[in-house]
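Beneath this line is the structure, given in structure tokens, with notes to follow.
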Amino acid sequence: MTATHVPGLPRVEDGQLISTNPATGEEAGRVPVADETAVTDAVTRARAAGLWWQGLGWEGRKTRLLRWRSLIVHRIDELAALTHGESGKPVTDGLMEAAAAIEHLDWAARNAKRVLGPRRVRTRLLVAEHTGHLEYQPYGVVGVIGPWNYPILTPVGPISGALAAGNAVVLKPSEYTPMVGQWLADTFAEVVPEHPVLQVVHGLGDVGGALCRAGVHKIAFTGSTATAKRVMAACAENLVPVVLEAGGKDALIVDADADVAAAADAAVWGAMTNAGQTCVGIERVYAVAPVYDRFVEAVVAKAATLRTGEEIGPITMPKQLGIIREHIEDALAKGGRAVLGGADAVQAPYVSPTVFVDVPADAAAQREETFGPTLTITKVADADEAVTRANDSPYGLGGAVFGKRDAIRIARRLRSGMVAVNGTLTFVGMGNLPFGGVGESGFGRIHGEDGLREFARAKSITVRRGPSLLPAMTFERTPAQVRQIVKALRLLYGRKP
Ligand code: NAD
């Protein structure tokens, strides 16, 4: 590294993308940058590979996906070390991230046939002489564009769904974490050497744009809301469908009957794991008045024990340090009080844990994604006010509620795709639960049954099983038959419920 190179900032030299550690500047690896032709070629290869993969059938794909899962389990230390090497995240966080990825891969592999496979559907009156058949067929080639903050889990979620559904995948990992993306493609090729069913193309944002236009049949994007809009615009050119997993500003509600110590513990973890660089990280807390003081005290006590460089890793993307600093300064300028950390918290490449109270609702720290180990705590009169305030956000990704009697009712009222009750981020750990946002957090779902269907098209087939007694769909029907059909309709559907 020379003095002009900012640690962690990806750079391109001689057609190579060079990935470095944000804390040390040490090189984590280098990979060739794909030009437009290389991206198109990858998609062309993927089309052929996808047909082969589809031809393996449910069991053939399941066996291979489970072999890949086992390989990842056996080499989990290597993967976590690689993640640490280029994103800076603590190795233990990398291990847990890989564990969640393994869970989703396992679930998708085991459940694809049940969720997507052919089934008969019940016959209906109008065409009673036909049977109905439904199945979900793969799109062909799915392009996956990933972020850097969870470089294992965020691509493996959609990759698992897409592959299990029978698609080939071309992955464009974040330029901040290309080596993890390369590792995923390389290890997959170890267990599926026959065809390039999972490929990787590297580069900056323009390579992601090229992938959207390279003839893929669907794009699964995870990243910021601003980029999600660009991706959707690029995909609109060819009517390529998209699933968009974008940013968030998740809230935690602490109700009057909450276990305050547990809530504080979970709030600190939800806000500060991965140095706060989590799409479903807790950035805002609304605590009801009776528990507010105790909660603030417990959060501060807990967060104060976290050490930068240990539990709190570096900020992976150097320019994010400026955004975190702006949010801290804005919160203070608008009358917020830092009860931990604050003005001096940003010491590149680290940000020390920062907890704010009394931050007005219009401050950036309450409205925009901060993506650092910071948390605002706001006192509210009751759970109703907490819900109103939590929902007053253009984002709606995850969220959390601590409480007993009303906790699930409160969770239902949060405008978001997922909510953890008496925990934070826990929905990420269940392969059978869908994941995705509303509003500016995106749309569509990865993980779970919905996450499998996201990567397949419903295919409906009707099959005649006998002659038509009351033919509805032919010019051969007589006026008397039409009257009989209407009579049957009256009989069956005419009654007022
Ligand atoms: P980003 O939007 O900057 O980049 C994401 C990916 O998009 C990268 O691979 C990038 O190269 C690519 N890209 C950039 N410009 C592009 C373009 N014009 N066309 C196509 N691709 C392009 O996001 P990031 O900084 O890598 O990730 C952080 C963001 O991701 C945060 O906002 C976070 O909340 C969000 N995120 C969301 C989820 C989720 O599941 N909802 C998960 C993790 C992260």
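Here r is the Cβ-Cβ distance between HIS5 and ASP206 and R0 is 22 Å; the resulting FRET efficiency, rounded to 0.05, is 0.55. Residue by residue, the range 11-20 carries 3J(HN,Hα) couplings of 9, 10, 9, 6, x, 10, 8, 10, 9, 10 Hz when phi is fed to the Karplus relation 6.51 cos²θ - 1.76 cosθ + 1.60 (θ = phi - 60°); x denotes Gly or Pro.
In this structure the amide hydrogen of VAL421, modeled in the peptide plane, comes within under 5 Å of the amide hydrogens of VAL401, none closer than 5 places in sequence on its chain. Across the options TRP68, GLY117, ILE446, the greatest Cα extent toward the positive end of the charge dipole of the chain (unit charges at beta carbon of Lys, Arg, Asp, Glu) belongs to GLY117.
Placing +1 on the Cβ of every Lys and Arg and -1 on the Cβ of every Asp and Glu, with nothing else charged, gives the chain a dipole about its Cα centre of roughly 3440 debye. Close amide-amide hydrogen proximity is noted between TYR286 and LEU252, ILE253, VAL254, THR378, each under 5 Å apart and 5 or more residues distant or on a separate chain (H modeled in the peptide plane; Pro and chain starts excluded). Distances over 20 Å make up what percent of all Cα-Cα pairs in the range 1-80? Pairs farther apart than 20 Å: 61 percent.
Peptides 461-469, 31-39, 415-423, ordered by how many other C-beta atoms sit within 10 Å of their residues on average, highest first, read 415-423, 31-39, 461-469.
Could you tell me which of the pairs LYS172/LYS302; LYS218/LYS459; LYS89/LYS249; LYS249/LYS459 are separated by over 26 angstrom between their Cα atoms in the structure shown? Over 26 Å Cα-Cα: LYS172/LYS302; LYS249/LYS459.
Spatially, the range 42-77 and the range 443-474 are offset by 26 Å when compared through their Cα centroids. Could I have the simple spin-label model distance between ALA304 and ALA488, label points 7 Å from Cα toward Cβ, reported in nm to one decimal? Here the answer is 7.7 nm between the modelled labels.
For the range 149-224, the relative contact order works out to 33 percent when only alpha carbon pairs closer than 8 Å and six or more residues apart are counted.
Taking the DSSP beta bridges with both ends in the chain, the antiparallel portion is around 45 percent. When the GluC sites (Glu not before Pro) in the range 285-382 are filtered for DSSP coil states and for at most 11 other beta-carbon atoms within 10 Å of their beta-carbon, the remaining sites are GLU310. Between the range 175-217 and the range 98-162, what's the alpha-carbon centroid distance in Å? Taking the Cα centre of each part, the range 175-217 and the range 98-162 sit 20 Å apart.
Would you tally the net charge around THR305, using a Cβ to Cβ cut-off of less than 13 Å, leaving THR305 out, and scoring K and R as +1, D and E as -1?
It works out to a net charge of -1.
Once Rg and the Kirkwood radius are both taken over the C-alpha atoms of the range 377-475, their ratio Rg/Rh works out to 1.27. What does the charge count around GLY8 come to, taking other residues whose C-beta lies under 12 Å from its C-beta (Lys +1, Arg +1, Asp -1, Glu -1)? Around GLY8, the charge tally is -1. Placing pseudo-labels 7 Å out from each Cα toward the beta carbon at GLU27 and ARG110 gives an inter-label distance of 4.3 nm. Per-residue 3J(HN,Hα) values for the range 470-476, derived from phi via the Karplus relation 6.51 cos²θ - 1.76 cosθ + 1.60 with θ = phi - 60°, read 10, x, 9, 10, 7, 6, 6 Hz in sequence order (x marks Gly and Pro).
Assigning unit charges at the beta carbon (Lys, Arg +1; Asp, Glu -1) and nothing else, what dipole magnitude in debye, to the nearest 20, does the range 156-288 show about its Cα centre?
580 debye
Go through LEU397, ALA348, HIS84 and say which Cα lies farthest out towards the positive end of the charge dipole of the chain; charges sit on Cβ, +1 for Lys and Arg, -1 for Asp and Glu. It is LEU397. The ranking of PHE427, PHE295, PHE443 by Cβ neighbour count inside 10 Å, starting from the fewest, reads PHE443, PHE427, PHE295.
What's the Kirkwood radius of the chain in Å, using all Cα pairs? Could you put the intermediate results ahead of the total?
Values: mean 1/r = 0.0412 Å⁻¹.
Over the chain, the inverse of the mean reciprocal pair distance is 24.3 Å.
Angle check, please: helix 289-303 long axis (alpha carbons) against the longest principal axis of the chain (alpha carbons), in degrees 0 to 90, nearest 10. It works out to around 70 degrees.
Taken together, the values in this text are just the output of simple stated rules run on the coordinates, not laboratory data. The model shown is predicted, which means the values in this text are computed figures rather than measured ones. Positions of Cβ are backbone-derived with ideal geometry, glycine not excepted, and every protein chain shown enters the neighbour counts.
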